[in-house]
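Asks: Could you have a look at this structure, given as structure tokens, before my questions?
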Amino acid sequence: MTIIRISIVAALLATPVLGQEFNLDAMIKAAKAEPPITIYDSTGKIVDMAEAFTAKYGVQATGQKVSANSQLEMLIREAQAGNVQGDVALLTDTPAAIAQLLPTGVLESWVPPDLEETIPARYRNPLAISTNANVWAYNTGKYPECPVTNIWQLTESEWKGKVALIDPLTKGTYTDWFNQMATYGDEPLRAAYQAQYGKPLESDQPSAAAAWLAAMGANAPLMADGDDRISEAVGAAGQEAPFMGLLSSAKFRDNADKGYQLGLCAGMDPWPGWTYTKLGLIASGTDSPNAARLFIHYILTEEGIMPQMRDGKMPTSTAIKLPEDEPSGLADHAEALFAYDASSGLDDWDRRQDWQDFWRVHYTR
């Protein structure tokens, strides 16, 4: 069964992007004759994005905020019932899409031919519309610069009980990150250890990622169920001993909205943070295929994706740049982030339970 699944996904990822002649005006005309569409996304910004799309094209669209986990359940049930409600899914659970939704025909990936050249090949199949970042942050009111310059320092006694993280048992992107580090990050992690301690890493763990994670868990980090708690623990003003934290770059807007003092640990070795992808996929059973594709086209433009770029979401299109007033300053450091590689997404999916079990064993409250 595993071999069959791998073969299906390998074929899916190898499928060439559509290259037929494309006529945007014809698509707009056809979309106007179709029923309204609904777009699922895990951010409330989708409501405004759908309204702007409707205003631009005269094609009725409704944005609905739905968590990634809920999207999976809803999309599968809708497909099984032959009653599609979500015509477009903007989905941050790339491994789940690769393992469950694309091979079974629940969703399909489509890249607008006229925009194909602006989307790097690694983001085309399945189509990723943006990369979202989780970054290491500190309190600028307490420290003139980030007090941690190496990821291994977070496992030391100075930071015992003073690092805030999302609970990996509640969010698949975190266990995906663990697996991606084990797959692709061994050499940088070992080099960072050597730089910090002047000796090679020696561990009975199977990878440098597992060694770091075990040490991190043993250092009693604060587990949170969302970024809001981490943002407060790190960035709230007036703290004598603020936490270090790993949180979404979108939370840097709390500096303006709540008076927080979040700063990006831009120079942390080997990475100041990591990314995961948000896919833009279409329900295979939609009654409005042209309207759905038109929305995909729209969010691959600066106008379409701008509401999410203001929160630090980085468009995959090379024709679009982050706005200069994006609050985290991530644009200047995006290349230093540990980037998600969807080519091993199926392995990330298969290893989630293993990494959750690993965390349960090594986490100390």
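Asks: Pairs under 6 Å by beta carbon, first residue in the same structural domain as residue 229 (by TED's automatic domain parsing) in region 131-156, partner among the aromatic types (Phe, Trp, Tyr) and outside any strand (DSSP E or B), six or more apart or different chains?
Replies: So the pair list comes out as 152/193.
Asks: Next up: Do we find that residue 164 is under 16 Å from the mean Cα position of the chain (by Cα), closer than 30 Å to residue 68 by Cβ and among the small types (Gly, Ala, Ser) in this structure?
Replies: When the stated conditions are applied, residue 164 does not pass them.
Asks: List every residue pair whose Cβ atoms lie under 8 Å apart, where the two residues are 6 or more positions apart in sequence or sit on different chains, the first residue falls within region 183-204 and is loosely packed, with under 11 Cβ neighbours inside 10 Å, and the second residue, located anywhere, is among the acidic types (Asp, Glu).
Replies: Nothing qualifies.
Asks: Please verify whether residue 51 is more than 23 Å from residue 346 (Cα to Cα) and touching a residue at least 60 places away in the same chain (Cβ under 8 Å), treating the condition exactly as stated.
Replies: Taking the combined requirement at face value, the residue does not satisfy it.
Asks: Shifting gears a bit: Which condition number does residue 172 fail, the rest of (1) at pLDDT 95 or above; (2) among the small types (Gly, Ala, Ser); (3) in contact with a Lys or Arg (Cβ under 9 Å, 6 or more places away or on another chain) being met?
Replies: Of (1) at pLDDT 95 or above; (2) among the small types (Gly, Ala, Ser); (3) in contact with a Lys or Arg (Cβ under 9 Å, 6 or more places away or on another chain), only one is false for residue 172: (1).
Asks: Further question: Considering each residue of region 196-216, count those that are within 31 Å of the chain's Cα centre (by Cα) and not in a loop (DSSP other than H, G, I, E, B), and give that number.
Replies: So the answer is 10.
Asks: So, in region 27-50, how many residues would count as being closer than 20 Å to residue 130 by Cα, at pLDDT 95 or above and assigned to a helix (DSSP H, G or I)?
Replies: Number satisfying all stated conditions: 5.
Asks: In the list 254, 348, 357, which residue meets the criterion of being in the same structural domain as residue 184 (by TED's automatic domain parsing), touching a helix residue (DSSP H, G or I) at 6+ places or on another chain (Cβ under 8 Å) and either within 29 Å of residue 241 (Cα to Cα) or not in a strand (DSSP E or B) (or both)?
Replies: Details: 348 fails: in the same structural domain as residue 184 (by TED's automatic domain parsing); 357 fails: touching a helix residue (DSSP H, G or I) at 6+ places or on another chain (Cβ under 8 Å).
254 is the lone residue from the list that is in the same structural domain as residue 184 (by TED's automatic domain parsing), touching a helix residue (DSSP H, G or I) at 6+ places or on another chain (Cβ under 8 Å) and either within 29 Å of residue 241 (Cα to Cα) or not in a strand (DSSP E or B) (or both).
Asks: I'd like the full set of residues that are of a type in the set (Ser, Thr, Tyr), modelled with pLDDT of 95 or more and either in contact with a helix residue (DSSP H, G or I) (Cβ under 7 Å, 6 or more places away or on another chain) or assigned to a loop (DSSP other than H, G, I, E, B) (or both), limited to region 51-76.
Replies: Across region 51-76, the qualifying residues are 57, 62.
Asks: Separate question: Quick check on region 241-261: of everything there that is touching a residue at least 60 places away in the same chain (Cβ under 8 Å) and over 20 Å from residue 45 (Cβ atoms), which residue is surrounded by the fewest Cβ atoms within 10 Å (Cβ to Cβ)?
Replies: Of everything passing the filter in region 241-261, 241 is surrounded by the fewest Cβ atoms within 10 Å (Cβ to Cβ).
Asks: Please work out which residue is surrounded by the fewest Cβ atoms within 10 Å (Cβ to Cβ), limiting yourself to region 320-365 and to residues that are over 30 Å from residue 257 (Cβ atoms) and of a type in the set (A, V, I, L, M, F, W, C).
Replies: So, considering only residues that are over 30 Å from residue 257 (Cβ atoms) and of a type in the set (A, V, I, L, M, F, W, C), the one surrounded by the fewest Cβ atoms within 10 Å (Cβ to Cβ) is 361.
Asks: Has region 201-213 got at least one residue that is out of contact with any helix residue (DSSP H, G or I) (no Cβ under 7 Å at 6 or more places or on another chain) and under 25 Å from residue 333 (Cα atoms)? Please lay out each step first, then the result.
Replies: Keep residues of region 201-213 that are out of contact with any helix residue (DSSP H, G or I) (no Cβ under 7 Å at 6 or more places or on another chain), which gives 202, 204, 206, 211.
Imposing the further condition that a residue be under 25 Å from residue 333 (Cα atoms) reduces the set to none.
For region 201-213, residues out of contact with any helix residue (DSSP H, G or I) (no Cβ under 7 Å at 6 or more places or on another chain) and under 25 Å from residue 333 (Cα atoms): absent.
Asks: Name every residue in region 257-301 that is closer than 22 Å to residue 189 by Cβ and part of a loop (DSSP other than H, G, I, E, B), in order of residue number.
Replies: Across region 257-301, the qualifying residues are 265, 266, 267, 268, 270, 271, 272.
Asks: Only residues in region 161-174 that are among the charged types (D, E, K, R) count as the first member; pair them with residues that are in a loop (DSSP other than H, G, I, E, B) and buried (at least 22 other Cβ atoms within 10 Å of the Cβ), Cβ under 6 angstrom, at least 6 apart or cross-chain, and list the lot.
Replies: 162/243
Asks: Residues in region 145-157: is at least one farther than 24 Å from residue 340 by Cα and buried (at least 19 other Cβ atoms within 10 Å of the Cβ)?
Replies: In the first step, residues of region 145-157 are kept if they are farther than 24 Å from residue 340 by Cα; the result is 145-147, 156-157.
Cutting the leftovers down to buried (at least 19 other Cβ atoms within 10 Å of the Cβ) gives us 146.
Yes.
Asks: Count, please, the residues in region 134-185 that happen to be part of a helix (DSSP H, G or I) and not small (Gly, Ala, Ser).
Replies: So the answer is 18.
Asks: Still on this model: Here is a check on your reading of the model: is residue 250 over 17 Å from residue 163 (Cβ atoms) and small (Gly, Ala, Ser)?
Replies: Answer is yes for this residue.
The values are calculated or read from the model by the stated rules, or taken from the named source; none is laboratory data. The structure displayed is predicted, hence computed values, not measured ones. Using ideal geometry, Cβ is built from the backbone for each residue, glycine included, and neighbour counts are taken over all protein chains shown.
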